[in-house]
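> Here it is, the structure in full.
Please treat every number below as a calculation from the coordinates, not as lab data. Keep in mind it's a predicted model, so treat the numbers as computed, not measured. Cβ: placed from backbone, ideal geometry, glycine included. Neighbour counts: every protein chain shown.
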Amino acid sequence: MTAIAAKTMSNTFHVALTADFMLPGGGPRYPSFDLDLLRSKAGMQLDFFHEHRPEIGHDQIAEAHGVIVLTPKVTAHSVANAKDLLAIGRFGVGYDAVDITACTEADVAVFITSGAVDRSVAEATLSWMLALTHQLVAKDRLVREGRWDERSAFMGRELRDRTLGIVGFGGIGRALAQLTKSFGMLPTLVFDPFLDASTAASLDVKSVSLDDLLAQSDFVSIHCPLNAQTRNLIGARELSRMKPQSYLFNTARGGIVDEDALYDALATRRIAGAALDCFADEPVTSPHRFGKLDNVLLAPHCISWTEELFRDIGRAASQGMIDLANGTRPRGVVNPEVFERDGFQKKWSRFQSH
C-alpha cells in the first residue's frame with residue numbers, strides 16, 4: 001500500500017535532525033548539507049535535537065514525525081512509545097546502527113539515502129587505488145625528508161592490465177566499476193549473492209565466488225553492508241587467498257574484516273597494502289595500531305565526504321520525508337514490510353499531498 005486514505009488538514013509534518021548536524025555554538029556543522037527542499041515545502045516543520053546523545057532517547061522524538069540521523073544509534077528504547085514517528089532517515093546507506101526489527105515493531109519506516117553516496121565513495125576508492133600503487137605517500141616523504149637519492153627503491157605500478165574485485169555490487173560498486181573502465185583494467189570481478197547472471201552481463205562484469213575473486217584480483221574493494229552474513233567475511237583464510245601484490249580497500253564497515261587477521265597479513269607483507277575508512281571500534285580516539293604500518297592508508301570514516309556528497313544526501317533525506325508527508329513511499333526503505341502494518345497505516349493516514 002503506497003497511498004494515504006485520509007487527510008487531517010491541521011497536521012504539519014515535523015522533521016527533526018540529530019544534534020550532531022549542528023556545531024556546539026550553533027550553526028551548521030556541514031554547510032553543504034542541503035535542506036532547502038524541506039525548508040521550502042509547505043506543511044513541513046524542521047528543527048534539530050537540543051543535545052547530542054550516542055543513542056537517541058525516546059523523549060527526543062516525542063514530537064517528530066520523521067528524524068534524520070547522522071551518527072547516534074537507534075534502538076528499541078529510542079522508538080519506545082513512538083506514537084507519531086513515521087520514519088527514520090539514515091545519513092548515507094549504512095544502517096547497522098539502527099535496530100530495524102524494533103523500528104518495524106514500533107511501526108516506524110527506516111530509509112537510507114540510496115544513490116546519494118555512489119559517486120563520492122567510488123571516486124575516493126579509486127583515489128586510494130592510485131595512491132597506493134604509485135606510492136604517493138612514500139614519495140612525498142622522500143622530498144620532505146631530503147632522501148631524493150632513494151627514489152629508485154619506490155617504483156610504482158599502473159592500474160592497466162590489473163583486475164578489480166568488488167565485494168557487494170550495489171550502487172557504489174557499480175559506480176566504481178564504471179569509473180575504472182578508462183584505465184585499461186581487465187574485466188571487473190564481482191561477488192554478490194544477489195547479482196544474477198543477466199544483470200552481470202549487462203553491466204560488463206563477471207560474477208564469481210568470493211574465493212575466486214580473492215585469488216584473481218589485484219584490488220579487492222568492499223562495498224557490502226554489515227550484517228550477520230558479512231561480519232568477519234574477510235578473515236585469515238580469505239586473506240591467505242589474495243595475491244602477495246594485491247590491495248584491500250574497505251569503505252563499508254569495519255566489522256566485515258577481521259582486523260587481527262588483516263594486521264598480520266599487512267605486517268608480514270602477505271598482501272601489498274590496504275586502505276581503511278572504517279574500523280571495528282569507532283570512533284578511533286587514540287593512535288590506531290594500523291598507523292604503525294607503512295603500507296596502509298587510513299581515514300576516520302570520512303574518505304568520501306565531499307560538498308557534493310553532503311548536498312546529495314541532504315536532498316535525498318529531505319525528499320524521503322516529503323514523500324512520506326505526501327503519501328508516497330520513499331526510496332531506499334529497508335523495512336518495506338512496515339507499510340503493511342495497521343499501526344503504521346493509521347499514523348500515515350494523517351497525511352497526504354498538501
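> Hey, got the dipole for the range 105-222? About the Cα centre, +1 on K and R Cβ, -1 on D and E Cβ, debye to the nearest 20?
Using Cβ point charges on Lys, Arg, Asp and Glu, the range 105-222 gives about 620 debye.
> Once phi is turned into θ = phi - 60°, what whole-Hz ³J(HN,Hα) does the Karplus curve with 6.51, -1.76 and 1.60 give for every residue of the range 138-147, x standing for Gly and Pro?
Karplus-based 3J(HN,Hα) across the range 138-147 equals 5, 6, 4, 5, 4, 6, 4, 9, x, 10 Hz.
> Which residues' amide hydrogens lie under 5 Å from the amide hydrogen of I68, considering only partners 5 or more residues apart or on another chain, with H built in the peptide plane?
Under 5 Å from the amide H of I68: A16, L17, T18, G89.
> Quick check on the chain: helices-only [θ] at 222 nm, where DSSP H runs of length 4 and up contribute -39,500 (n - 2.57) each and the sum goes over total residues. Nearest 500, please.
Here the helix-only value at 222 nm equals -8000 deg cm²/dmol.
> Another question, if that's okay. Tell me whether the range 204-287 comes out rounded, prolate or oblate; compute the Cα gyration tensor, take square roots of the eigenvalues as a ≥ b ≥ c, and use a/c under 1.5 as the rounded threshold.
oblate
> Which of these, W128, W148, W305, has the largest mean-square fluctuation under a Gaussian network model of the chain (Cα springs below 10 Å)?
Evaluated over the chain, the most mobile residue of the options is W148.
> What's the exposure ranking of D264, D107, going from fewest to most Cβ atoms within 10 Å?
D264, D107
> Next question, about the same structure. Under the rule a/c < 1.5 gives rounded, and otherwise a/b versus b/c splits prolate from oblate, where does the range 152-238 land using the Cα gyration tensor?
In terms of gyration-tensor shape, oblate.
> Rounded to whole Hz and in sequence order, give me ³J(HN,Hα) for the range 172-182 from the Karplus expression 6.51 cos²θ - 1.76 cosθ + 1.60, θ = phi - 60°, writing x for Gly and Pro.
So the J values, rounded to whole Hz, are 5, x, 5, 5, 5, 4, 5, 5, 7, 4, 7.
> Any idea how many Lys pairs in the range 1-160 come in under 30 angstrom at the alpha carbon, given 8 or more places apart or on separate chains?
Going through the range 1-160 pair by pair, I get 5.
> Which whole-Hz ³J(HN,Hα) couplings does the range 238-247 yield from phi under the Karplus relation 6.51 cos²θ - 1.76 cosθ + 1.60, θ = phi - 60°, glycine and proline marked x?
Once θ is set to phi - 60°, the couplings for the range 238-247 become 5, 5, 5, 7, 6, 5, x, 9, 8, 10 Hz.
> Sort C278, C103 so the one with the fewest other Cβ atoms within 10 Å of its own Cβ comes first.
C278, C103
> So for D84, D192, fewest C-beta neighbours within 10 Å to most, what's the order?
D84, D192
> Helix 307-325 versus the longest principal axis of the chain: what is the Cα-based angle in degrees, 0 to 90, to the nearest 10?
The two axes meet at around 30 degrees.
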